[in-house]
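One structure follows; several queries about it will come next.
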Amino acid sequence: MTLDHPLTTLPPAQAPADLGRDLITVTTRPDTVFVQGRGDWLEDAQGKRYLDLVQGWAVNCLGHSPPLVVQALTAQAQRLINPSPAFHNQPLLDLAAKLVAVSGFDRVYLSNSGAEANEAAVKLARRWGQRMRGGAHSIISFDGGFHGRTLAMMSASGKPGWDRLFAPMPGGFAKARYNDIASVEQAITPDTVAVMLELVQGEAGVQLADPGFVRDLRALTTERGVLLIVDEVQTGIGRCGQAFAHQLYGIEPDVVTLGKGIGGGVPLAAVLCRERFNCFAPGDQGGTYGGNPLMAAVGLAVVSEVCSATFLAGVRQRAQQLSDGLQAIVRDHGLVAERGAGLLRALVLPDDRAEQVVAAARDLAPAGLLLNAPRPHLLRLMPALNIGHAEIDTALALLRQALAAVATR
Ligand SMILES: *Cc1c(COP(=O)(O)O)cnc(C)c1O
């Protein structure tokens, strides 16, 4: 494993037995503390290295601590960190102009997380409904969908059980079945103001929308005067091999939300909309950190790099290499399938041992492999969009080892 920017050798540290005891419990984490990362590799406090196909949950689109991001962050930090959201700043204006140029949308709102961008999109739709559609406010979203963890976005998401977890939940969200246009038609009422969906349901296990369904949905929403909001928090900014997944489907949404990859690892998200939906009154929407120059400067560097034709061609090439390798693994290890779009890929297992494979891959020596299991029978791979060709081969070899280790247990 050769590195462009070698990791520093740190003194070995022992993980304390009661790691995380000061944290409010929200998840279970392995007994590992990660201390540095470069490109495709992460290193823990014991000095063990891991080839990372999680990449901060698909956020590090250029890998760990890429020079481009470090440079944008440090240069901007020295110039201006936060003049307040009440004033313009240059990176905010420049990133908005860049997003308009690469997307063809007319207007941009910046926020700090995907959930927040989706909240803003829902508010925009409701405001438009008040002004133009006689108070229509209800949003149709989909079974299996994931839109974030605020209370309203939990209502918008279609995760089983989420409608009761923190009851009472905000109302105004109706559910339809993914890839079932009749179920959308049935769910539309005079109160419906928007339909919101992911074109690839990431958390649900990399479920792809059918092209026919997406075309029908665009036609239906246009016909009924209902906004089409596409949540591209996971699929946008090159992840699926185009700047935006909706370009793969050949449709033009009314509103698009972005997050994850747009910040290359730092908290940044965005809402894009057409001019006719630019309907907030001053004061309707905002946030202390939204559009701060520090994150916007990083976003500008990331979007400029990733949304270029040459970079995107490289993503498609890497995606093909990864997909070919995964298909060979499916054949050799008797798995069910491999699927995905671009570098958002999944491996479907014949049984519910995805968590065991994740643990076995992490525990490989001398180098581990980091994977994610969003469903009990499914592994998700979301490497850096500039992952090395050699690293893809290494990842495939490590994955074979992990599958073999679990198979013989
Ligand atoms: C991750 C994700 C979100 C939530 O983004 P946060 O930054 O965690 O709030 C929303 N929608 C989709 C499709 C996502 O993958």
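The values are calculated or read from the model by the stated rules, or taken from the named source; none is laboratory data. All values derive from a computational prediction rather than experimental measurement. Glycine gets a Cβ as well: all are built from the backbone with ideal geometry, and neighbour counts include every protein chain shown.
Would you check if Ile251 is surrounded by 23 or more Cβ atoms within 10 Å (Cβ to Cβ), among the β-branched types (Val, Ile, Thr) and outside the structural domain of Ile387 (by TED's automatic domain parsing)?
So Ile251 does not fit the description; no.
In this structure, does Ala301 turn out to be surrounded by fewer than 22 Cβ atoms within 10 Å (Cβ to Cβ) and under 25 Å from Ala245 (Cβ atoms)?
Spelling it out, it is not the case that Ala301 is surrounded by fewer than 22 Cβ atoms within 10 Å (Cβ to Cβ) and under 25 Å from Ala245 (Cβ atoms).
Here is a follow-up. Could you say which residue among Leu51, Leu68 is more than 16 Å from the ligand (Cβ to nearest atom), touching a Gly at 6+ places or on another chain (Cβ under 8 Å) and under 30 Å from Ala359 (Cα atoms)?
Exactly one residue qualifies, and that residue is Leu51.
Same structure again: Taking Val108 as the residue in question, decide whether it is more than 16 Å from the ligand (Cβ to nearest atom), of a type in the set (A, V, I, L, M) and not in a loop (DSSP other than H, G, I, E, B).
Taking the combined requirement at face value, the residue satisfies it.
Of the conditions (1) under 30 Å from Leu80 (Cβ atoms); (2) within 18 Å of the chain's Cα centre (by Cα), Ala297 clears all except one; give me its number.
(2)
Does region 98-107 contain at least one residue that is in contact with a Pro (Cβ under 6 Å, 6 or more places away or on another chain), touching a residue at least 24 places away in the same chain (Cβ under 8 Å) and over 17 Å from Lys260 (Cα atoms)?
no
It is to be established whether one or more residues within region 150-172 are of a type in the set (Val, Ile, Thr), surrounded by 15 or more Cβ atoms within 10 Å (Cβ to Cβ) and not in a loop (DSSP other than H, G, I, E, B).
no
Taking Ile181, is it within 16 Å of the ligand (Cβ to nearest atom) and not assigned by TED's automatic domain parsing to the domain that holds Val348?
No; evaluated as a whole, the condition is false for this residue.
Hey, any hits in region 216-228 for a residue that's closer than 30 Å to Leu349 by Cα and either surrounded by 24 or more Cβ atoms within 10 Å (Cβ to Cβ) or of a type in the set (Ser, Thr, Tyr) (or both)?
Within region 216-228, none of the residues are closer than 30 Å to Leu349 by Cα and either surrounded by 24 or more Cβ atoms within 10 Å (Cβ to Cβ) or of a type in the set (Ser, Thr, Tyr) (or both).
When you go through (1) over 19 Å from Asp254 (Cβ atoms); (2) surrounded by 23 or more Cβ atoms within 10 Å (Cβ to Cβ); (3) touching a strand residue (DSSP E or B) at 6+ places or on another chain (Cβ under 6 Å) one by one for Pro91, which number turns out not to apply?
(3)
Oh, and also: Report, by residue number, each residue of region 123-156 that is more than 18 Å from the chain's Cα centre (by Cα) and within 13 Å of the ligand (Cβ to nearest atom).
Scanning region 123-156 gives Leu151, Ala152.
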